[in-house]
Each structure stands twice: as C-alpha cells, then as structure tokens.
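A.B. asks: This is the structure I want to talk about, given as structure tokens.
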Amino acid sequence: MTVDAEYVLPLRWTDDAGLDELVAYLTDLRDLIDVTVVDGSSPERFAAHARAIPAGVRHLPVDPWPGHNCKVAGVMTGLRGARHDRVVIADDDVRYDEGALRAVVGMLESADLVRPQNVFVPAPWHARWDTGRTLLNRALGHDYPGTLALRRRIVIDAGGYDGDVLFENLELIRTVRAAGGRVVAADRIGVVRRPPEVRHFLRQRVRQAYDDFAQPARLLTELAVLPLVLLSVRRPRRLLAGIAAVVALAEWGRRRAGGRRLFPATAALWAPLWLAERAVCVWLALASRLRGGVRYSDGRLRRAATPLRELRRRRAEHASRAGATT
C-alpha cells in the first residue's frame, strides 16, 4: 500500500559522488509514495540526473522564487506542483524507512506541520560531534531536522515563505504558525540522516552559528560562553563543573522523549566539544553580520529568519487589505 502524500526532495549538486546511493533510495521510495525531485543543479548535471533518476520519480527544474536561498525556491516549486495536500520535504541526505514515513504522514491528520528527529547513520567523529548540538537542542526544546511533513494548502494560502533567509526550515515553521497552523515536534520518530563529508562539515560551522540570529536569547547565551570560559581558565574546578553541567544537560536531552532508543550512551560526552566550537563560531558569525551577512552560494544572506511576531503582523495586514477590497 502506498502513502497518500508527496515526497519533495530539493536538489542542487555540484558533485555527483553520492548519486548512485541516492538513486537506490529513490527506487525503493517510489513504491511507497509519490516522489518529486526539484533539481536546481547546472544544466549538465540536471541532464545526468534525469538519466539516472528511476522511472516513476518526477524530476523538475526549479521555478523562479524571490530571494537568494535556493532551497526555498526548490521547496516552493515542489509544493506548488505537489499532487497531494500532505507533503514530506526532505534534504538529499535524509533517508526515511517505511515506518517513519507512515508515522510522520499519519500525524498530519491532526497537525499542519510535523518535525521528526534526525539521527546520523553512520556516525563518524564529526557526526557524533554534531549530535552534541542535537542533544542540547532536545534538552532545551526541540531539534531542527533536515525534513518536515506539512499540509501543502496552509503554505500556499500563506503565499509561500521568505526566500531571503538562511534558516529556511525555521522560517517555514514560523510561517505555518503565523498562519494559525498546528506544529508538532515528533521527537520520538527517528529519521536517518547521512553525515556530510568532513570538508563540508567544517565549511558549515560559522553558517550554522549564524542561524542563532533568529533566536536572540540563544545567541546571547552562546556569545557569553567564550568570555566565561576565559574567566574560568585559572579556576579549573569551575571549568570542570561547567563541562559536567553541559554533559548532564545533553544527557537529559538524550533521555527525554525516547531518545535512549535513538542515541548511544556516549553521545552526551560530545556536547562540551560542540559547545566549545559554537562559542568561537558564534563570534565569527557576529563578525559576518557586521560585514553584511554570512556567505551563501555566490552572495551573502543577512537575515537568519523572520520573527514570528513580524510574520503575524504581515498576515494581519494582508487580511485587512483583502477585507477592504471585498
């Protein structure tokens, strides 16, 4: 039996090293769900992908969309052309199994957007390093995965979402909330994510820190970490106590919402390393902000995401103008 939903995969590759593995995944996936690949790669790679992608998987070029974030244009192309109201959006490194796919789509019966939990498989050192971030996110709220399931109509009725932000998943979540949609964090549903190459992982450090400009309280907290560490260098007990507190917080994130089934017992030990990295990179992100924004593709993006209150204000103004013309 197939899943009554659409699977939208935005793609923009400059290297096809992982194409065979992706094609194998899509070949299995097409038997479960209607699949659309929205491909923003160069013409040569687009043609190569068209030849490689299995029959039954729809392969589309990206339609124009305002803004410099290419992924947003790919997602909006997929949403506007989707054949179902229920849509799963997933990065090219996400790998659903049948159980997780059916679970997140099923939750759309009572929700407008579902955010499951990504888990790195396999888990080389840099994936375990980044899992420290995941566990701290779970402890303090919810993680931000590379996949979301949503009701297409709520995004289309909202006029889409902003393509000039860096943290596009948060922008999409906030757009659904601003439209009155119900967002559910499915922290118990683990969805596999392939780790990036080490070189790509290293390139993403400052860019991921820049996302925190969309979350001011978190930004200020992370900016304070490096000065606190420097003040504690001559007080090793205080420093060790801080490290232990970070590990304990990450372990709480591992234990909550069934996380022990998803993450190994040693995962929390990586959290202090990730936080040390973020304590430096967030200052580099601040320097990027002062230079006009973080580098993205062939330009810069200044905004991480739009505040929820601003999105709600825009929606109210739009509704007011629409009411005045009727």
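The values are calculated or read from the model by the stated rules, or taken from the named source; none is laboratory data. The structure presented is a predicted model; accordingly, all values stated were derived computationally and were not measured. All Cβ positions, even for glycine, are placed from backbone atoms using ideal geometry, and neighbour counts span all protein chains on display. Side chains are part of the model used for accessible areas, which takes the heavy atoms of the whole protein and leaves out ligands, DNA and RNA. Shrake-Rupley method; radii C 1.70, N 1.55, O 1.52, S 1.80 Å.
A.B. asks: Can you find a residue in segment 264-272 that is in contact with a Phe, Trp or Tyr (Cβ under 6 Å, 6 or more places away or on another chain), part of a helix (DSSP H, G or I) and open to solvent by 50 Å² or more (accessible area, probe 1.4 Å)?
C.D. replies: Yes, some residue in segment 264-272 is in contact with a Phe, Trp or Tyr (Cβ under 6 Å, 6 or more places away or on another chain), part of a helix (DSSP H, G or I) and open to solvent by 50 Å² or more (accessible area, probe 1.4 Å).
A.B. asks: For residues that are part of a loop (DSSP other than H, G, I, E, B) and over 8 Å from the mean Cα position of the chain (by Cα), tally how many sit in segment 135-145.
C.D. replies: 3
A.B. asks: With the structure loaded, tell me whether residue 249 is open to solvent by 80 Å² or more (accessible area, probe 1.4 Å), in a helix (DSSP H, G or I) and not charged (D, E, K, R) or whether it fails that test. If you could, list the steps in order and put the result at the bottom.
C.D. replies: Details: open to solvent by 80 Å² or more (accessible area, probe 1.4 Å): no; in a helix (DSSP H, G or I): yes; not charged (D, E, K, R): yes.
No.
A.B. asks: Test residue 275 against the stated conditions and say whether it is open to solvent by 40 Å² or more (accessible area, probe 1.4 Å) and aliphatic (A, V, I, L, M).
C.D. replies: Answer is no for this residue.
A.B. asks: Give the number of residues within segment 38-56 that are of a type in the set (Val, Ile, Thr) and touching a Phe, Trp or Tyr at 6+ places or on another chain (Cβ under 9 Å).
C.D. replies: Number of matching residues: 0.
A.B. asks: If a residue must be buried (at least 21 other Cβ atoms within 10 Å of the Cβ) and either among the charged types (D, E, K, R) or outside any strand (DSSP E or B) (or both), how many such residues does segment 112-129 contain?
C.D. replies: Residues meeting the conditions: 1.
A.B. asks: Scan segment 69-86 for residues that are in contact with a Ser or Thr (Cβ under 9 Å, 6 or more places away or on another chain) and over 20 Å from residue 41 (Cβ atoms) and jot them down.
C.D. replies: At the first step, the residues of segment 69-86 found to be in contact with a Ser or Thr (Cβ under 9 Å, 6 or more places away or on another chain) are 69-70, 77-78, 81-83.
Residues satisfying the conditions are 82, 83.
A.B. asks: Only one of these is outside any loop (DSSP other than H, G, I, E, B), modelled with pLDDT under 95 and surrounded by fewer than 16 Cβ atoms within 10 Å (Cβ to Cβ): 315, 321, 255, 260. Name it. Give the steps one after another, and end with the answer.
C.D. replies: On the way: 315 fails: surrounded by fewer than 16 Cβ atoms within 10 Å (Cβ to Cβ); 255 fails: modelled with pLDDT under 95; 260 fails: modelled with pLDDT under 95.
Every option except 321 fails the conditions.
A.B. asks: Restricting to segment 56-73, what's the tally of residues that are buried (at least 16 other Cβ atoms within 10 Å of the Cβ) and either of a type in the set (Ser, Thr, Tyr) or closer than 26 Å to residue 103 by Cα (or both)?
C.D. replies: Total satisfying the criteria: 5.
A.B. asks: Which one of the conditions (1) open to solvent by 40 Å² or more (accessible area, probe 1.4 Å); (2) over 28 Å from residue 294 (Cβ atoms) does residue 53 fail to meet, given that it meets all the rest?
C.D. replies: Looking at each condition in turn, residue 53 falls short on (1).
A.B. asks: So which residues in segment 216-225 are closer than 19 Å to residue 294 by Cβ and open to solvent by 40 Å² or more (accessible area, probe 1.4 Å)?
C.D. replies: Those that are closer than 19 Å to residue 294 by Cβ and open to solvent by 40 Å² or more (accessible area, probe 1.4 Å): 216, 218, 220.
A.B. asks: Can you tell me which residue is most open to solvent (accessible area, probe 1.4 Å) among those in segment 17-36 that are of a type in the set (D, E, K, R) and over 10 Å from residue 53 (Cβ atoms)?
C.D. replies: Restricting to residues being of a type in the set (D, E, K, R) and over 10 Å from residue 53 (Cβ atoms), the top hit is 20.
A.B. asks: Can we say residue 83 is open to solvent by 10 Å² or more (accessible area, probe 1.4 Å) and among the basic types (Lys, Arg)? Please lay out each step first, then the result.
C.D. replies: Values: open to solvent by 10 Å² or more (accessible area, probe 1.4 Å): yes; among the basic types (Lys, Arg): yes.
Taking the combined requirement at face value, the residue satisfies it.
A.B. asks: Suppose the filter is of a type in the set (Val, Ile, Thr) and surrounded by fewer than 23 Cβ atoms within 10 Å (Cβ to Cβ); does residue 94 pass it? Show your work before the answer.
C.D. replies: Details: of a type in the set (Val, Ile, Thr): yes; surrounded by fewer than 23 Cβ atoms within 10 Å (Cβ to Cβ): yes.
Answer is yes for this residue.
A.B. asks: Follow-up question, since we're still on this one. Kindly list the number of the only condition in (1) in contact with a helix residue (DSSP H, G or I) (Cβ under 8 Å, 6 or more places away or on another chain); (2) under 28 Å from residue 110 (Cα atoms); (3) touching a residue at least 40 places away in the same chain (Cβ under 8 Å); (4) not in a helix (DSSP H, G or I) that fails for residue 83.
C.D. replies: Among (1) in contact with a helix residue (DSSP H, G or I) (Cβ under 8 Å, 6 or more places away or on another chain); (2) under 28 Å from residue 110 (Cα atoms); (3) touching a residue at least 40 places away in the same chain (Cβ under 8 Å); (4) not in a helix (DSSP H, G or I), the lone unmet condition for residue 83 is (1).
A.B. asks: Out of (1) part of a strand (DSSP E or B); (2) open to solvent by less than 10 Å² (accessible area, probe 1.4 Å), what's the single condition that is false for residue 76?
C.D. replies: All conditions are met except number (1).
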